Structure formats: C-alpha cells, structure tokens
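Asks: Sharing a structure below in structure tokens format, with a few things to ask.
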Amino acid sequence: MIKSLKNTVNNAGVRGLFDGISGTLMRQMSYSLCRFWAYDESKKLVVKGSNPPAWQLALAGSMAGGIAGVVGNPAEIIMVRMQGDFAKPPEKRLNYKHCFDGLFKMVRDEGVSSMARGMGPNVVRAVLMNASQLASYDWFKEQILRNGYMQDGFGLHFTASFAAGTVATTVCSPADVLKSRIMNASAPGSTSTMQAIRTAIKNEGPMFMFKGWVPAWMRLQPTTILIFVTFEQLKKGVDWWRGD
C-alpha cells in the first residue's frame with residue numbers, strides 16, 4: 001500500500017492522490033443520499049419496537065442497499081474508471097475530464113446499457129455494505145448504551161462507527177474486488193461475474209477476494225466515522241430546530 005502511494009506521488013504528483021474526486025462526489029451524491037433515506041424508510045417497515053434484533057436492522061440495511069445500488073450504479077462506474085485511469089498505458093486511458101464528461105462519453109461510446117455494467121456485483125456489494133455498516137452501527141451503539149459502557153455522545157458515535165467500519169470492510173471485500181474488476185473491463189465478454197470469479201481463482205487463488213483489505217479499511221474507516229459522527233450531529237441539530 002505504501003509502495004502504491006509512493007508510485008502515485010512519483011508518477012502523478014500529490015494531485016494524483018485525488019484522481020477521480022469528481023466521480024467520488026457524484027457517487028456520494030447519488031448512492032449515499034439514497035441509502036440513508038432508504039434505510040430510514042425500510043426501518044419503518046421492518047423494525048418492531050424500540051430494541052430491534054440485529055436481523056431486523058440487517059434486513060432494513062439490505063433493502064436500502066438494493067435500492068441505492070441501482071440508483072448509484074452509473075456514478076460508481078465513472079468513479080472506478082477515473083480512479084484507475086492513470087494506472088493504464090497512455091493509449092488505453094479514457095481521459096475523462098470530470099464525472100459528467102465521463103458519463104456522456106460512456107453513453108455515447110458504449111450505449112445506454114453501459115450504465116448498468118457491473119450492476120449485479122455492485123448491488124450485492126451495496127446490500128452487504130448497508131446490512132453490515134448501517135445495521136452494525138445501530139447495533140453496536142445500542143449494545144454499548146444498554147450495557148452502560150458509554151453515554152450518548154461523540155465517544156459512543158466514534159466507537160460504534162469504528163466497529164461498523166471494520167465489519168463493513170471485511171464483509172464487502174469480495175464484492176468490492178469483483179465490482180472493480182468488472183467495471184474496469186472493456187473487452188467483449190469480460191464483464192461476466194462468473195467468468196471474473198473463475199479467472200481470478202485460477203490465477204490467484206480464493207484469497208483474491210480479500211486483496212486490498214488494508215487500504216480498503218483505511219479508506220472506509222475514516223469515511224464511516226465521519227459519516228456517522230456528522231450524521232448524529234445533524235440529527236441533534238434538526239431535533240433542536242424542531243424543538244424535540
């Protein structure tokens with residue numbers, strides 16, 4: 001991982017660490033907004049009582065992930081392509097200027113159906129992510145509060161989100177690896193999920209599914225902590241505004 005960071009800085013400068021940031025923002029504004037809305041709505045349908053079991057939270061998270069995975073799939077493709085573009089030989093680079101340029105070129109050159117490329121593993125990954133990240137955050141938070149280890153506040157939110165980030169990284173690693181490989185593919189017949197699995201197992205063994213776990217954890221962990229800590233503060237602000 002450290003070697004990859006050094007190579008990126010040496011080849012592209014510090015700016016290279018932020019390749020594809022517009023794609024990342026586009027993805028967050030579609031996928032992330034949708035999943036939080038869908039999770040709250042799903043909990044209203046699934047969760048019964050004030051102390052729901054883990055499976056109910058996981059079910060609500062899975063429902064939210066399925067919806068958000070479909071909505072955010074085009075932005076996910078653009079993000080993956082923009083982040084991996086510089087690693088390709090110059091003649092094979094897509095050279096998207098920004099996320100909207102990438103979306104336009106993808107539809108123009110590959111057809112509207114290209115926006116659904118990799119949707120299967122992406123939706124599976126979104127289901128796993130939300131069932132593990134959102135549900136485990138709520139579960140860890142409830143368990144810590146119930147056992148009296150912490151009071152509701154920053155410390156609780158940080159601890160629960162730290163645990164949720166670790167769970168989510170481990171659960172989502174296989175789907176993340178497959179999703180990235182399929183979305184980066186462009187050759188005919190190279191976007192089959194089963195073909196990607198067979199080829200990877202043959203060439204790399206079954207542990208290929210956890211390749212990049214450490215950098216994935218380092219990426220997801222601060223994101224998870226920032227999301228939930230900020231989300232809790234925003235909820236408090238809204239409650240204060242409403243007078244609750």
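The values are calculated or read from the model by the stated rules, or taken from the named source; none is laboratory data. The model shown is predicted, which means the values in this text are computed figures rather than measured ones. Don't worry about glycine lacking a Cβ; one is built from the backbone with ideal geometry, like all the others, and counts go over all protein chains shown. The protein model used for the area step is the full one, side chains on, heavy atoms only, and it has no ligands, DNA or RNA in it. Shrake-Rupley method; radii C 1.70, N 1.55, O 1.52, S 1.80 Å.
Asks: How would you rank 203-209, 33-39, 236-242, 111-117, highest first, on the average number of other Cβ atoms within 10 Å across their residues?
Replies: Averaged packing, sorted descending, gives the order 33-39, 111-117, 203-209, 236-242.
Asks: Rounded to whole Hz and in sequence order, give me ³J(HN,Hα) for segment 204-213 from the Karplus expression 6.51 cos²θ - 1.76 cosθ + 1.60, θ = phi - 60°, writing x for Gly and Pro.
Replies: 10, x, x, 6, 4, 5, 10, 5, x, 4
Asks: Work out, step by step, the length gained on full extension between GLN195 and ASP152: first 0.36 nm times the residue separation, then minus their alpha carbon distance; give nm to one decimal.
Replies: 10.7 nm
Asks: Would you mind telling me which residue in GLU232, GLU41, GLU91 has the biggest mean-square fluctuation in a Gaussian network model of the chain, where springs connect alpha carbons within a distance under 10 angstrom?
Replies: Looking only at GLU232, GLU41, GLU91, the largest GNM fluctuation is found for GLU91.
Asks: Suppose the chain between PHE100 and GLU142 were pulled fully straight at 0.36 nm per residue; how much longer would it get relative to their current alpha carbon spacing?
Replies: 11.0 nm
Asks: Moving on to the next point. Take the Cβ-Cβ distance between ARG93 and ILE21 as r, set R0 to 25 Å, and report the resulting FRET efficiency rounded to the nearest 0.05.
Replies: Rounded to the nearest 0.05, the efficiency is 0.90.
Asks: Using Cα springs under 10 Å in a Gaussian network model of the chain, which residue among ASP101, ASP176, ASP138 shows the largest mean-square fluctuation?
Replies: ASP101
Asks: Moving on. Quick one: dipole size for segment 61-139, taken about the Cα centre, charges +1 on Lys/Arg Cβ and -1 on Asp/Glu Cβ, in debye to the nearest 20.
Replies: Here segment 61-139 has a charge dipole of around 240 debye.
Asks: Calculate one ³J(HN,Hα) per residue across segment 98-104 by plugging θ = phi - 60° into the Karplus curve 6.51 cos²θ - 1.76 cosθ + 1.60, and present them in order as whole Hz with x for glycine and proline.
Replies: Listing the rounded values in order: 7, 4, 6, 4, x, 5, 5 Hz.
Asks: Also: Would you work out the charge dipole size for segment 87-179 about its Cα centre, treating the Cβ of every Lys and Arg as +1 and the Cβ of every Asp and Glu as -1, and quote it to the nearest 20 debye?
Replies: Charge dipole, segment 87-179, about its Cα centre: 380 debye, nearest 20.
Asks: Given an 8 Å cut-off on Cα distances and at least 6 residues of separation, report the relative contact order of the chain as a percent.
Replies: 19 percent
Asks: Test of understanding: in a Gaussian network model of the chain with alpha carbons linked when under 10 Å, which of THR223, THR199, THR169 would top the mean-square fluctuation ranking?
Replies: Of THR223, THR199, THR169, the most mobile in the Gaussian network model is THR199.
Asks: Are any of the pairs LYS92/LYS179; LYS92/LYS211; LYS43/LYS236; LYS141/LYS235 more than 22 Å apart by Cα-Cα distance, and if so, which?
Replies: Flagged as over cut-off: LYS92/LYS211.
Asks: Here's something else I'd like to know. Placing +1 at every Lys and Arg Cβ and -1 at every Asp and Glu Cβ, with all other atoms neutral, what dipole size does the chain have around its Cα centre, in debye to the nearest 20?
Replies: I would put it at about 560 debye.
Asks: Further, regarding this structure: Length gain on complete extension for the stretch ARG242 to LYS211, per 0.36 nm per residue less the alpha carbon to alpha carbon distance?
Replies: That works out to 6.5 nm of additional length.
Asks: Ignoring ligands, DNA and RNA, please state the percent of accessible area on the chain from carbon and sulfur, probe 1.4 Å.
Replies: 66 percent
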